[in-house]
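See structure below.
The values are calculated or read from the model by the stated rules, or taken from the named source; none is laboratory data. Being a predicted model, the structure only gives us computed values, none of them experimental. We place every Cβ from the backbone using ideal geometry, glycine too, and count neighbours over all the protein chains shown.
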Amino acid sequence: MKEKNKPANIKTDKTALRLLSRLFPYIKTNAAGIAIMYLFSLINVAATIALPFLIQKGIDYGIALKDIDYLVKISAITAIVLFFQFFSFRYQGRLMMKIGNRILYYIRRDLFNHIQGLSFRFFDKNRTGNIMTRLTVDVQVLEELLMTGLDTVLVDVIMIAGIIGAMLLLDLKLSLVLLFILPLLVMIVFGLQSRIVRAARGIQGRLSSVNAFLNESLSGVMVTRSFAREKRNIKLFESYNGNYYKNTRKFYPLHAYFWQSVIMLNTASAGLVIIGGGLLIKSGQVTIGVVAAFLTYVTQLFQPMQKISNMLNQLSRAYASCERIFAIMDEKSDIVEKANSISDFQLTGDVTFKDVRFHYNPEEPILKGISFDAQAGETVAIVGHTGSGKSTIVHLVSRFYDVTDGAVLIDSIDIRDYSIAAYRRQTAVVMQEPQIFSGSVYENISFSVPDSTIDDVTAVCKQLGIHEMIIGFPDGYDTLMGERGANISIGQKQLLAFARAMLRDPRILILDEASAYLDTRTETMVQKALASIMKGRTTFVIAHRLSTIRNANKIIVLDKGVITDIGSHEELLKKEGIYKNFLRQNNPIAG
Amino acid sequence: MLKILKTFEEYSRPYRGAFILANTCMVIMDLTSYLLPVLIKYATDTVFDHVTKTGDLKILYIVGSAIIISGVVRGLLSHFMIRSYWYVGESVVKDIRNSLYEKLQHLGASFYAKARTGDLMSRLTTDIQLIRNFYAFGVEHRLRIVLISVTILLIMLYQNWRLALIVYIFLPIVYFVIVYFSSKLQKAVMRKHESAGALNSTLQENLTGIRIVKAFAVEDEQKKIFEKSNLRLFNADLVVTTLQAHLNPLLQLTGGAGTLVILIYGGYQVIHGSMTLGTLIGFMTYLMIIRFPLFILAFNTSLVNLAEGASKRINEILIMEDQRENDKGTVTNRIKGKLEFQNVTFAYGDKKPVLRDLSFSIREGERVALFGLNGSGKSSLISLIPRFYCPDSGKILLDETPLPEWSLEALRLQIGTVLQETFLFSMTIGENIAFGRPDASLQQIKEAAASAQIDIFIESLPDGYDTYVGESGSGLSGGQRQRIAIARALLQNPRILILDDCTSSLDPQTERNIQNELRSLMSGRTTLIIAQRISTLRLADRIIVLDRGMIQDFDSHENLLKKNELYKATYETQMVCSESIIEDSLSMRS
């Protein structure tokens, strides 16, 4: 058994070291604060140990010997020690909290900023929920560790050592009670408590599944309602709940055993001290004051030990959290800016694809040699079935990914030679499901150009023909959107996204048309807005509307990563091929 | 505290025995804890003296073992106390949770229209946990605070009233300081939670919108926004933790000051012979005992306050009126499918009516489509049929019987609904299809899947019908989810079918593919279908054109094309796209 356990321990130690080395930069900036904190902690420990000692002196040499002067002197010293204890305890705590909070703040900031720099590939692999968990739950686990544990290791170990030392110093023989107390205390605190912590975690897991069921029931309540399934759901919930309940009944008795043992041990230690003290008093080896001091010390051992045990339990969780946090920090963006990238330029808007190949993994090529030219100001519609590679082409124009082979040229210069931010500043994107952020309509539109005024925004909206629509919202441009905000239809969202893109006055515009059907009023507005937004810019549009396709200068017909046809609507219609088939299948009137 | 106990009296009654046991154990345990100082006092005053003088150890052993035995007894008492309190806490909360769930299953659609899932979840999780904590240790702590401070005061007064008064002079001050701290702390904690919530929202939005953030290269703006939230959380955190860091040293100082007073004033009395050394040491022990209620006072005050708020919020839901109160109907006939609206007017709450004086009737087995702009009242209209809402005036007759006379369950079991947003539960595909009829056989499930043309896909999955569907059906495409929802409605074999805009979020190709399934789904049943696409509208025998809550027209596609402006305009907008292949589309009409 012992042999088997060993490698695991070594591994944990290594993890601990690695973890510490990662946290080190955060700790280093607070080194002075931490040093002062430990100084205060040591004063606090010293005071806590000295107090029973002083009182023992007061009793034995002041009260017992009826020496009032001595008693007053000792009392004065006690008062000073108390004062020191108070201040050191207070500042130790404040410093610990401050440093802990600051470290958390920096970790959150660094993590967030790092994530902002990661590329699409990272977000393709990691779901939003998972990243959220890193930044919330994992950081919180770290918080618990930092808030309670920063001072623990050192201070509590010193505290225990100090108490034991004081007892040994006061009376070696009476200290033999430690032989009884210490092993039991260690067993209770480290054995029983870690079992409690583990059981609590298990229960937490079961509670989460009760809550998950609950959450889903609430989200799906209308479905339940329309299938009249309430009774069965209630029964199901009762069984989940009952299951959790059954498990809690295994948990809290542990809690009861824990406190039972603590109380028994504490009282029994007092009894032992009295008996041992009595025996020693009989032979005149100790004084009553020493016995009184021992009575205080034996009960003081419990708290620091419990804290250490807590800390150890938290550490194992913190390792895991830290590893996940730093795994994200270690992620690197695959879109890298060249050292001497072009950052001062004015785009004209010519786009050329030269034998572009792209894949996420080599077995599944997505683009298999795409070549085409788009002149500045042209509208290029891309049509094709789901999975044909339409989105990938426009993503490459935005440089969300880099080509696997070939090149994308913008104004005859390789896209990878431009500064990323400067390039994107002259382009704009409208996604199929437009992201509306919480905040006002104005804030949502000016998202693309953060320092634009309300006049800029209004001007753009008038140009797009959506000014009237926005004025019709409850608070016009100040209407709040998002979870707590007004509910607007998907078509209206897309119109706002148009305004957002238009405000940037981009040279290259990328549009992923919504495929959902809009009501006639909105549809008409969208068509008008589209015409006005595309004017004078190189536009790539993943088209679903035939009107959009027909008006495009060039239509790229894509099938399984290959361009099967390219030309204008009229040209393509003359040929029998995928294009005609595509139109047929996307014709909304056919039924 | 009494308020909470009273609110949930009904729930705690079955566990009264355990609750009384817990309280009894608690009282005995605390009273026996005073034995310890008494024994210690006796040991130091008498026994040690006796031992030094006579060398007789018997009495020392007796007193020592008495202390040890008292420890064992108190340990056992504390065990049963903790166990019983927790038993009551977990049991009461289990029952409340069940009741709440039952209530939530029955609360009306108007409740859910207003309630936010996040808010409800927090009532069901955090609030319930607070009530658990209240019963598991809130009551215990509150009672012990009172019990211990009163009894210790009495004992100290009895033993040495002067010293007792001097020691106790601190306590009221400390008490008020703690209460002040805890109310401040509570506010700070709330602000911290708010800040943490705000940070999470910022984060959530950033991550869901990360692609647009990157597309517009506004990462720096986002960093600024996050920085603001982050800083706010940091400051809120700091207030909480600083308050916490202040409280404990203060409590420690109080304890120390008490000991100091006992040492100097008690010592003075001992020297003058008006008190024994044992009493003095006993006082010090009492002081240690009284530190326990002081240390938990702040924690307990905020727990009880929070639990009071929680109990109010929980009770609010528990006493709400739900659909069962409107379920007085007894008719459980098989629905034939004739529907008649007579002068139906309906409004949400006190707002403007969304449906105004609607009258129309639908024949048995007829397919009727609803068409209109956003906000014309289509969804409101169909929500009246399964009685999710009740009309404010007018009548709805089903097979000549007014809706309220139908049993709610019988009515809804015979109405099948497919919504725009397909909600799938995280269970297996088979269970999802059998959602409305959990007792359906696998054969029946397979048949329903086959009718919805999703059987081949399901069977191609490694686990077939046992494939687990993730949260909200993740991992399936929109079309696949929609087909599973259709199978789900089909298995129910409903007499009335309601399709609420269930195709508009699908791309045209998928929509086209799904039309045949829709057609077979409708055959032989009265069908109401909301749609924007002409292609879907044409599946219906007749189309209701709704305009601001009123019926503008109710006629066939051909006739509407001739006379209804809105319908015609829509047809033309959708047509513009396709003049070149219009012959195709017309020839495909069936």
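Of all residue pairs spaced 6 or more apart or on separate chains, none has beta-carbon atoms under 9 Å together with a first member in region B:154-180 that is outside the structural domain of B:Ile289 (by TED's automatic domain parsing) and a second member that is modelled with pLDDT of 85 or more. Of everything in region B:75-91 that is crowded, with 23+ Cβ neighbours inside 10 Å and among the hydrophobic types (A, V, I, L, M, F, W, C), the residue that is nearest to B:Pro14 (Cα to Cα) is B:Val88.
Here are some residues: B:Thr24, B:Thr52, B:Thr46. Which one is part of a helix (DSSP H, G or I), surrounded by fewer than 16 Cβ atoms within 10 Å (Cβ to Cβ), more than 10 Å from chain A (Cβ to nearest Cβ) and more than 48 Å from the chain's Cα centre (by Cα)? Spell out the reasoning first.
On the way: B:Thr24 fails: more than 48 Å from the chain's Cα centre (by Cα); B:Thr52 fails: more than 10 Å from chain A (Cβ to nearest Cβ).
Unique residue meeting the criteria: B:Thr46.
Give region B:363-416 a look and list any residue that's of a type in the set (Phe, Trp, Tyr) and part of a loop (DSSP other than H, G, I, E, B), or say none.
Restricting attention to region B:363-416, the residues satisfying the condition of being of a type in the set (Phe, Trp, Tyr) are B:371, B:388-389, B:406.
B:Phe388, B:Tyr389, listed by residue number.
In region B:65-96, how many are under 42 Å from the mean Cα position of the chain (by Cα) and at the interface with another protein chain (Cβ under 7 Å from one of its Cβ atoms)?
We begin by selecting, within region B:65-96, every residue under 42 Å from the mean Cα position of the chain (by Cα); these are B:73-96.
From what's left, at the interface with another protein chain (Cβ under 7 Å from one of its Cβ atoms): B:74-76, B:78-79, B:82-83, B:86, B:90, B:94.
Selection size over region B:65-96: 10.
Of all residue pairs spaced 6 or more apart or on separate chains, those with beta-carbon atoms under 7 Å, a first member in region A:543-554 that is in the same structural domain as A:Val383 (by TED's automatic domain parsing) and among the polar types (S, T, N, Q) and a second member that is modelled with pLDDT under 85 and part of a loop (DSSP other than H, G, I, E, B) are A:Ser547/B:Cys577; A:Thr548/A:Glu513.
The requirement of being at the interface with another protein chain (Cβ under 9 Å from one of its Cβ atoms), assigned to a helix (DSSP H, G or I) and at pLDDT below 90 is satisfied by A:Ile55.
So is B:Thr202 within 29 Å of the chain's Cα centre (by Cα), within 30 Å of A:Val394 (Cα to Cα) and surrounded by 18 or more Cβ atoms within 10 Å (Cβ to Cβ) or not? The answer is yes for B:Thr202. Summed over region A:349-385, residues that are among the hydroxyl-bearing types (Ser, Thr, Tyr) and either surrounded by 16 or more Cβ atoms within 10 Å (Cβ to Cβ) or closer than 20 Å to A:Ala543 by Cβ (or both) total 2. Checking A:Ile413, A:Ile393, A:Ile445 one by one, the residue that is at pLDDT 90 or above, assigned by TED's automatic domain parsing to the domain that holds A:Ile566 and in contact with a Lys or Arg (Cβ under 6 Å, 6 or more places away or on another chain) is A:Ile445 and no other.
Name the strands (runs of 3 or more DSSP E) wholly inside region A:521-591 in which the number of residues that are at pLDDT 75 or above and more than 44 Å from the chain's Cα centre (by Cα) is 3 or more. First the steps, then the outcome.
Numbers: elements: A:538-542, A:554-559, A:562-567.
Here the list reads A:562-567.
Mind checking which residues of region B:424-446 are farther than 16 Å from B:Tyr468 by Cβ and assigned to a loop (DSSP other than H, G, I, E, B)? Let's see the steps before the verdict.
Here is the first cut: in region B:424-446, the ones farther than 16 Å from B:Tyr468 by Cβ are B:436-444, B:446.
Result: B:Gly436, B:Arg437, B:Pro438, B:Asp439, B:Ala440, B:Ser441.
One residue stands out in region B:27-43 among those that are buried (at least 20 other Cβ atoms within 10 Å of the Cβ) and either of a type in the set (Asp, Glu) or modelled with pLDDT of 90 or more (or both): the one that is farthest from B:Ser70 (Cα to Cα), namely B:Asp30. Scan region B:314-324 and tell me whether some residue there is under 30 Å from A:Gln56 (Cβ atoms), out of contact with any Phe, Trp or Tyr (no Cβ under 6 Å at 6 or more places or on another chain) and touching a residue at least 60 places away in the same chain (Cβ under 8 Å). Looking for residues that are under 30 Å from A:Gln56 (Cβ atoms), out of contact with any Phe, Trp or Tyr (no Cβ under 6 Å at 6 or more places or on another chain) and touching a residue at least 60 places away in the same chain (Cβ under 8 Å), one finds none in region B:314-324, hence no. When region A:227-243 is limited to residues that are among the charged types (D, E, K, R) and within 18 Å of B:Glu409 (Cα to Cα), the one that is farthest from the other protein chains (Cβ to nearest Cβ) turns out to be A:Lys235.
Condition check ((1) within 9 Å of chain A (Cβ to nearest Cβ); (2) outside any helix (DSSP H, G or I); (3) closer than 28 Å to B:Val167 by Cα; (4) out of contact with any Ser or Thr (no Cβ under 9 Å at 6 or more places or on another chain)) across all residues:
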site	(1), (2), (3), (4)
B:Asn206	yes, no, no, yes
B:Arg211	yes, no, no, yes
B:Ile225	no, no, no, no
B:Phe234	yes, no, no, no
B:Leu250	yes, no, yes, yes
B:Leu260	yes, no, yes, no
B:Gly282	no, no, yes, no
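So, of the residues in region B:102-125 that are facing chain A (nearest Cβ under 10 Å) and closer than 30 Å to B:Asn23 by Cβ, which turns out to be surrounded by the fewest Cβ atoms within 10 Å (Cβ to Cβ)? Once the filter is applied, the top-ranked residue is B:Thr125.
Quick one: is A:Val273 at pLDDT 90 or above, surrounded by 22 or more Cβ atoms within 10 Å (Cβ to Cβ), over 43 Å from the mean Cα position of the chain (by Cα) and within 14 Å of chain B (Cβ to nearest Cβ)?
Values: at pLDDT 90 or above: yes; surrounded by 22 or more Cβ atoms within 10 Å (Cβ to Cβ): yes; over 43 Å from the mean Cα position of the chain (by Cα): yes; within 14 Å of chain B (Cβ to nearest Cβ): yes.
Taking the combined requirement at face value, the residue satisfies it.
Identify, please: which residue in region A:66-89 is closer than 30 Å to B:Phe234 by Cα and surrounded by 21 or more Cβ atoms within 10 Å (Cβ to Cβ) and is, among those, nearest to the other protein chains (Cβ to nearest Cβ)? Applying the filter and picking the extreme gives A:Phe89. Out of all the residues in region A:283-302, is one or more modelled with pLDDT under 90, under 21 Å from A:Val197 (Cβ atoms), under 43 Å from the mean Cα position of the chain (by Cα) and more than 7 Å from every other protein chain (Cβ to nearest Cβ)? Yes: region A:283-302 contains one or more residues that are modelled with pLDDT under 90, under 21 Å from A:Val197 (Cβ atoms), under 43 Å from the mean Cα position of the chain (by Cα) and more than 7 Å from every other protein chain (Cβ to nearest Cβ).
Between B:Leu165, B:Leu107, B:Leu154, the distinction of being closer than 23 Å to B:Met81 by Cβ, out of contact with any strand residue (DSSP E or B) (no Cβ under 9 Å at 6 or more places or on another chain) and not aromatic (Phe, Trp, Tyr) belongs to B:Leu154 only.
Per the conditions (1) within 12 Å of another protein chain (Cβ to nearest Cβ); (2) under 30 Å from A:Ile55 (Cα atoms), the sole criterion not satisfied by A:Val153 is (1).
Would region A:97-105 turn up any residue that is at the interface with chain B (Cβ under 10 Å from one of its Cβ atoms) and either under 25 Å from B:Lys214 (Cα atoms) or touching a Lys or Arg at 6+ places or on another chain (Cβ under 6 Å) (or both)? Quick ask: steps written out before the conclusion?
Here is the first cut: in region A:97-105, the residues at the interface with chain B (Cβ under 10 Å from one of its Cβ atoms) are A:97-98, A:100-102, A:104-105.
Subset that is either under 25 Å from B:Lys214 (Cα atoms) or touching a Lys or Arg at 6+ places or on another chain (Cβ under 6 Å) (or both): A:105.
So far as region A:97-105 goes, yes, one or more of its residues are at the interface with chain B (Cβ under 10 Å from one of its Cβ atoms) and either under 25 Å from B:Lys214 (Cα atoms) or touching a Lys or Arg at 6+ places or on another chain (Cβ under 6 Å) (or both).
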